[in-house]
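Colleague: Below is the structure I would like to discuss, written out as structure tokens.
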Amino acid sequence: MITLFKKPFVAGLAISLLVGGGLGNVAAAQGGPPKSGVFGENQKRNDQPFAWQVASLSERYQEQFDIGAAVEPYQLEGRQAQILKHHYNSLVAENAMKPVSLQPREGEWNWEGADKIVEFARKHNMELRFHTLVWHSQVPEWFFIDENGNRMVDETDPEKRKANKQLLLERMENHIKTVVERYKDDVTSWDVVNEVIDDGGGLRESEWYQITGTDYIKVAFETARKYGGEEAKLYINDYNTEVPSKRDDLYNLVKDLLEQGVPIDGVGHQSHIQIGWPSIEDTRASFEKFTSLGLDNQVTELDMSLYGWPPTGAYTSYDDIPEELFQAQADRYDQLFELYEELSATISSVTFWGIADNHTWLDDRAREYNNGVGVDAPFVFDHNYRVKPAYWGIID
């Protein structure tokens with residue numbers, strides 16, 4: 001899904017307070033997290049309270065920003081639903097609302113998974129982010145096939161290329177119109193376009209860009225505004241916004257679009273990060289740069305890998321992960337949420353790209369770089385839904 005930057009690890013410690021009452025474990029008896037070591041001299045991971053037994057993250061930050069989680073439809077029941085209702089007041093679909101999921105073939109719509117997420121958010125009075133209307137990945141190939149069955153990007157005739165551009169934009173407009181009209185009363189924030197900046201600099205050479213230039217970005221935002229209304233909050237979303245060169249490219253694009261009157265309300269910072277990267281200073285600079293344009297910021301896909309880049313040397317099982325690494329993660333989460341809280345006037349939402357450590361795309365990435373074995377642990381709740389040191393780092 002993404003390519004992360006190479007940075008080293010840092011270590012530290014995090015201490016906080018507050019736990020739900022009535023728990024038969026040491027942490028509860030102390031009235032807060034362990035004060036000695038990571039979990040305490042005689043405490044083990046399985047002694048920690050479950051996620052639904054401790055204070056709510058969304059209530060902790062209710063005056064600052066929404067706390068969200070990315071979900072799959074099957075996670076809307078059982079213990080995962082219990083955690084969602086307790087800790088999160090915002091949802092986003094991990095995959096169910098992407099173009100290939102909603103319209104795998106032209107004119108054939110699959111609303112089942114997306115509707116389940118919408119209904120869950122509505123029932124539990126949650127904000128809903130939409131991810132994503134336009135993306136170069138997880139988009140069905142039919143968008144880019146001309147009326148003769150040929151790939152649009154292969155066309156060399158100028159007149160036919162012009163016709164293909166118009167056809168592609170019409171298809172995109174129809175997709176956006178249909179989706180926005182269906183969900184505009186439930187969705188509060190829309191990722192209109194996703195990952196349009198290339199890591200090597202400039203605009204990503206996607207099929208969207210090769211066929212339409214930047215017009216697909218303009219038309220996507222204009223269409224979302226037309227059918228979503230003035231109340232719809234429209235975002236351009238990307239990863240590695242903390243990297244100065246990529247941040248500058250995104251800034252220049254957004255500034256140019258705003259000057260043309262394109263209706264952009266904010267920037268989504270995916271924030272797939274590592275314990276040792278990026279620096280707090282670069283993270284701050286990224287938020288402040290887009291605030292200078294009068295835009296809102298949202299943290300849209302937050303997870304914190306235990307590893308650097310590439311993620312080699314991954315642990316083969318969750319139980320192999322040393323406590324010291326969880327403590328370093330807690331320290332970084334603590335620093336990060338201190339920054340979010342400081343800048344909360346210009347950050348409206350912080351969304352984790354998952355609920356707990358038993359479901360994360362980072363496990364797939366760890367296996368990819370470690371001969372098919374390896375696990376990661378990016379969240380504040382572990383693979384058994386118990387709290388980690390990172391939870392105490394951000395609940396203080």
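The values are calculated or read from the model by the stated rules, or taken from the named source; none is laboratory data. Not measured: the values here are computed from a predicted model. Because the Cβ atoms are built from the backbone with ideal geometry, glycine has one as well, and the counts that use them run over all protein chains shown. Please note that ligands, DNA and RNA were not included when accessible areas were found on the heavy atoms of the full protein model with its side chains. Shrake-Rupley method; radii C 1.70, N 1.55, O 1.52, S 1.80 Å.
Colleague: Given the options Phe337, Phe352, Phe379, name the one that is touching a helix residue (DSSP H, G or I) at 6+ places or on another chain (Cβ under 6 Å) and open to solvent by less than 40 Å² (accessible area, probe 1.4 Å).
Modeller: Exactly one residue qualifies, and that residue is Phe337.
Colleague: For the structure I just gave you, tell me whether Val139 is open to solvent by less than 40 Å² (accessible area, probe 1.4 Å), at negative phi, in contact with a Lys or Arg (Cβ under 9 Å, 6 or more places away or on another chain) and not in a helix (DSSP H, G or I).
Modeller: Considered against the rule, which asks whether it is open to solvent by less than 40 Å² (accessible area, probe 1.4 Å), at negative phi, in contact with a Lys or Arg (Cβ under 9 Å, 6 or more places away or on another chain) and not in a helix (DSSP H, G or I), Val139 comes out as yes.
Colleague: Would you check which residues across the stretch 79-101 are out of contact with any helix residue (DSSP H, G or I) (no Cβ under 8 Å at 6 or more places or on another chain), more than 24 Å from His383 (Cβ to Cβ) and among the hydrophobic types (A, V, I, L, M, F, W, C) and list them?
Modeller: Residue satisfying the conditions is Val100 alone.
Colleague: Which count do you get for residues in the stretch 308-325 that are within 21 Å of Ser279 (Cβ to Cβ) and in contact with a helix residue (DSSP H, G or I) (Cβ under 7 Å, 6 or more places away or on another chain)?
Modeller: 1
Colleague: OK, next. Please indicate, with yes or no, whether at least one residue in the stretch 369-391 is over 30 Å from Asp265 (Cβ atoms), of a type in the set (S, T, N, Q) and without any contact (Cβ under 8 Å) to a residue 60 or more places away in the chain.
Modeller: The answer is yes; a qualifying residue exists.
Colleague: Only residues that are touching a Pro at 6+ places or on another chain (Cβ under 6 Å) and part of a loop (DSSP other than H, G, I, E, B): list them for the stretch 97-112, please.
Modeller: Pro104
Colleague: What residue, among those in the stretch 178-204 that are hydroxyl-bearing (Ser, Thr, Tyr) and surrounded by fewer than 22 Cβ atoms within 10 Å (Cβ to Cβ), is nearest to Ile117 (Cα to Cα)?
Modeller: Looking at residues that are hydroxyl-bearing (Ser, Thr, Tyr) and surrounded by fewer than 22 Cβ atoms within 10 Å (Cβ to Cβ), I get Tyr183.
Colleague: Determine whether Asp249 is open to solvent by 10 Å² or more (accessible area, probe 1.4 Å), assigned to a helix (DSSP H, G or I) and touching a Gly at 6+ places or on another chain (Cβ under 9 Å).
Modeller: Taking the combined requirement at face value, the residue satisfies it.
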